[in-house]
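The structure appears right after this line, and notes come after that.
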Amino acid sequence: MRKAGKRILTLAFLLAFITAGPFTLTGCHGSKGLSAFAIPEEFDEGRDFEITFWAKNDTNKTQTAIYEKAIVDFEKLYPNITVNLRLYTDYGKIYNDVITNITTNTTPNVCITYPDHIATYLSGTNLVVPLDDLLADGKYGPGGSKVRFDAPVKEEIIPRFLEECVVDGHYYALPYMRSSEACYINKTYVETLGYTLPDVLTWDFIWEVSEAAMAKDSGGDFLINGQKVLIPFIYKSTDNMMIQMLKQKGAGYSTADGELLLFNDDTKDILYTIADYAKSGAFSTFKISSYPANFLNTGQCLFAIDSTAGATWMGTNAPLSDISKDKVVEFETEVMTIPQFDPQNPRMISQGPSVCIFNKKDPQEVLASWLFTQYLLTNDVQIAYAETEGYVPVTSKAQESAEYQDYLSRGGENNREYYDIKIKAAKLLLDNIDYTFVTPVFNGSASLRDAAGQLIENTVKSVRRKQEINDAYMDKLYEDVESLYRLDQLGGDSGLSSGKKDLGDLPRTSVMLLCSLGAAWVLILAYAAARELKNRGLRDKGKG
């Protein structure tokens, strides 16, 4: 009887946990007792602080050295602050680990991130520090009287970049670096086909040239490169591809309030076009075929679209190319803005990492984190990091400095620091900042972005599998992708912005860990309850 009672009790606890679902997990966010951050009157220099900084690099040792130097230089200015660096090779892994650590209140102090991710972190109470008051603070704000380094003032942070860090009407991050996308072109092959690059690249031009490049000789080799392999047009980030095509068309994607507009007729028309060129073999994606740069540099691609931050991988003399030299083909590389539907009204996405600060119980620890975050915007850090790849600094102070202007003027001097393709990519963004845009940010916007790319990926895969692409296919595709990213669960008429009751689309590993933690607590509580019932029974027996 007692064994049966234990089983029933354990089952009851499990059912209670499962029934509570995400609301139980969300409740953990507010259970750590974090109060809203308030700026201390003075920074306590008599205490030692140890803060963690989670950053991302692409196994680029130069970037790692820049982070490490920044930390050393900062610690010289503030000997009572120790900064521990943890490097990741993927933003998704940072996001995943932050979500996992939220439940145990072990988030980093400072974190490289994206606003889409911050919107999910804000599902918890006071988890991320709003920066509005810190940005305006006369002592410890940008250029403040108590700051020990030559920090840019708020007005020197490029306004468009700073506005990209606004979530729910508040600044929750500082921009760190900015990039966009560029089309890296084998100009030699394009001209061999009899075409001249236009002043502004268009989608019609790319599709036409890509089809023309598919001609083969009697032996089955492509005429343009004499090889068995050719994918004329490869896109690295298909979420950006869909988002930008919709923006250029003036079509729906989402509203600022989080209303879903992605699954519309314009999206369907785009997918039909992509399917046509995927069927001929003229188009593919990174996830399906591999890095665009590898195909470009071996003469197996004419148009490779990737981030401006990926410029050091592009071209015959690319310093970070990881393919054998005997496979590299000599060609002239051109760097242009992504293709447009309306050349008179170009639109291109603004992207790149920002830095957020996680709240802690000790406001002095948060202030230490804020000082380090500001240090990442100094000229020494901004210019050094921007010179590693096709990023641009996020402050006018750095962009207009004599050092950075000298760097931009020396494109082509060598294939390392002054690699011409890298500097062309940076200039491309600097010349087109006014044409950049960002997507609305809300809890669930990261999932919507993933869904946009998945529509393209699934369509191209289906073409390769010889599936018929028709209206019935599109309807099923919309349904499958909506379900995959749980977009049908995250909002009603008011859209995804109403989804602050949950964590958004959690990574699978995070869900598994959270469930494991919950299950462990259920078993502990069940065991304790069972022991209590047993002891109570013994006491009652003794009384009898």
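Within the stretch 95-106, restricting attention to residues that are surrounded by fewer than 23 Cβ atoms within 10 Å (Cβ to Cβ) and at pLDDT 90 or above, which residue is farthest from the chain's Cα centre (by Cα)?
Among those residues, the one meeting the criterion is THR106.
Answer with yes or no whether PHE331 is touching a residue at least 40 places away in the same chain (Cβ under 8 Å) and assigned to a loop (DSSP other than H, G, I, E, B).
It is true that PHE331 is touching a residue at least 40 places away in the same chain (Cβ under 8 Å) and assigned to a loop (DSSP other than H, G, I, E, B).
Can you give me the number of residues within the stretch 53-73 that are closer than 25 Å to ASP150 by Cβ and out of contact with any Leu (no Cβ under 8 Å at 6 or more places or on another chain)?
Result for the stretch 53-73: 7.
Quick one: which helices (runs of 4 or more DSSP H) sit completely within the stretch 400-498 and have at least 3 residues that are within 20 Å of the chain's Cα centre (by Cα)?
Output list reads 420-431, 445-464.
What about ILE349, is it at pLDDT 95 or above and out of contact with any Leu (no Cβ under 8 Å at 6 or more places or on another chain)?
Yes.
Just the residues that are over 21 Å from ALA182 (Cβ atoms) and either out of contact with any Leu (no Cβ under 7 Å at 6 or more places or on another chain) or not assigned by TED's automatic domain parsing to the domain that holds ILE112 (or both), please, taken from the stretch 374-397.
GLN374, TYR375, LEU376, THR378, ASN379, ASP380, VAL381, ALA384, SER396, LYS397
Give the residue, chosen from ALA293, ALA304, ALA213, that is assigned by TED's automatic domain parsing to the domain that holds GLN454, farther than 23 Å from PRO343 by Cα and touching a Pro at 6+ places or on another chain (Cβ under 9 Å).
ALA213
Which ones in the stretch 463-472 are surrounded by 14 or more Cβ atoms within 10 Å (Cβ to Cβ) and under 17 Å from ILE234 (Cα atoms)?
VAL463
Here is a list of conditions, (1) in contact with a Leu (Cβ under 8 Å, 6 or more places away or on another chain); (2) assigned by TED's automatic domain parsing to the domain that holds ASN109, and ILE423 meets all of them except one; can you say which number that is?
(2)
Assuming LEU246 fulfils every condition listed in (1) surrounded by fewer than 15 Cβ atoms within 10 Å (Cβ to Cβ); (2) in a helix (DSSP H, G or I); (3) within 28 Å of the chain's Cα centre (by Cα) apart from one, which condition is it?
Tallying (1) surrounded by fewer than 15 Cβ atoms within 10 Å (Cβ to Cβ); (2) in a helix (DSSP H, G or I); (3) within 28 Å of the chain's Cα centre (by Cα), LEU246 fails exactly one: (1).
Looking only at the stretch 45-87, which residues are at pLDDT 95 or above, within 21 Å of GLN382 (Cβ to Cβ) and not aliphatic (A, V, I, L, M)?
Of everything in the stretch 45-87, those that are at pLDDT 95 or above, within 21 Å of GLN382 (Cβ to Cβ) and not aliphatic (A, V, I, L, M) turn out to be PHE53, TRP54, TYR67, GLU68, LYS69, ASP73, PHE74, GLU75, LYS76, TYR78.
The values are calculated or read from the model by the stated rules, or taken from the named source; none is laboratory data. None of the values given here were measured: they were computed from a predicted structure. We place every Cβ from the backbone using ideal geometry, glycine too, and count neighbours over all the protein chains shown.
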